[in-house]
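Participant: The structure that follows is given in the form of structure tokens.
Just so it is clear, none of the values below were taken in a lab; they were calculated from the coordinates. Just so you know, these numbers come straight off a predicted model, no measurement behind them. Cβ coordinates were reconstructed from backbone atoms using ideal geometry, including for glycine residues, and neighbour counts include every protein chain displayed.
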Amino acid sequence: MNVGHNGSIDDTVGNNENEASGDRNKPKILHESYRVSNSPEFEYFMTKLLHRIGVNRIQFEKKKTTKALRNIYTVQDEAFGLLVLSNEYNNWIKQKEMKAEGKKGNTLRMKKRFVDGDSGRIIGWSHVGINLFYELCQEIKILRQSEESVKIECYDVMKTHRM
């Protein structure tokens with residue numbers, strides 16, 4: 001299964017090198033640099049995109065200076081955010097190009113990767129998408145245990161990284 005590269009999920013999904021070597025602690029889906037360093041992409045995802053999933057429930061703006069990210073977002077929040085990003089990213093890029101060509105309205109609707117339907121229709125996730133969500137949850141749980149991951153979850157650390 002190849003989910004594409006969007007800065008978080010790796011293009012090499014499905015190569016199963018880690019499964020063959022028996023190393024279950026190495027990420028299989030997430031890009032190798034996800035949660036390893038305080039990259040601008042990680043910061044943007046955590047501070048600008050992820051909190052939009054459940055603004056009222058998550059209350060990122062209220063909690064960001066007093067709590068670590070792991071105490072604001074659940075593993076499932078993070079996995080769902082990555083799943084949505086992976087599901088939508090290629091379409092957003094293509095739609096931007098189409099808009100630049102003057103296309104509008106229904107011509108911008110495109111089939112998504114993990115939803116059995118076109119943009120704008122409310123239809124459930126495919127089996128591939130659901131399985132990817134569960135795999136992302138497992139990997140995020142493992143990555144959250146690393147010392148590096150704990151360090152980069154502090155909002156003050158993220159603020160010093162800004163350009």
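Participant: Just to check I understand the Karplus step: with θ = phi - 60° and J = 6.51 cos²θ - 1.76 cosθ + 1.60, what whole-Hz values come out for the range 54-65, glycine and proline as x?
Facilitator: Coupling constants for the range 54-65: x, 3, 5, 6, 6, 6, 4, 4, 6, 9, 4, 8 Hz.
Participant: Using the 10 angstrom Cβ neighbour count as an exposure proxy, how do 97, 41, 78 rank, fewest first?
Facilitator: Values: 97 10, 41 14, 78 24.
Lowest count first: 97, 41, 78.
Participant: Hey, fewest Cβ within 10 Å first, where do 112, 63 land in order? Before the final figure, lay out each step's value.
Facilitator: Details: 112 21, 63 16.
Least crowded to most crowded, the residues run 63, 112.
Participant: Here is a follow-up. Would you grab the residues whose amide H sits under 5 Å from the one on residue 115? Only those 5+ places off in sequence or on another chain, please, with H modelled 1.01 Å from N.
Facilitator: Answer set, sorted by chain and number: 126.
Participant: Here's a follow-up. Once you place label points 7 Å from the Cα toward the Cβ at residue 123 and residue 144, how far apart are they in nm?
Facilitator: Each label point lies 7 Å from its Cα, and together they span 3.3 nm.
Participant: Search the structure for amide H atoms under 5 Å from the amide H of residue 30, placed 1.01 Å from N in the peptide plane, and list their residues when 5 or more places away or on another chain.
Facilitator: For residue 30, whose amide H was placed from the backbone, the distant partners under 5 Å are 10.
Participant: In Å, what is the Rg of the alpha-carbon atoms in the range 70-111, and how long is Dmax?
Facilitator: 14.5, 44
Participant: Can you pick out the pairs among 28/94; 48/96; 67/151; 62/151 whose Cα atoms lie more than 22 Å from each other?
Facilitator: 28/94
Participant: For labels at residue 48 and residue 61 in the simple 7 Å Cα→Cβ model, what's the distance in nm?
Facilitator: 1.7
Participant: Here's another thing I want to ask about it. Less than 12 Å from a label point 7 Å out along the Cα-to-Cβ axis of residue 108: which backbone N atoms in the range 61-102 qualify, by residue?
Facilitator: 92-102
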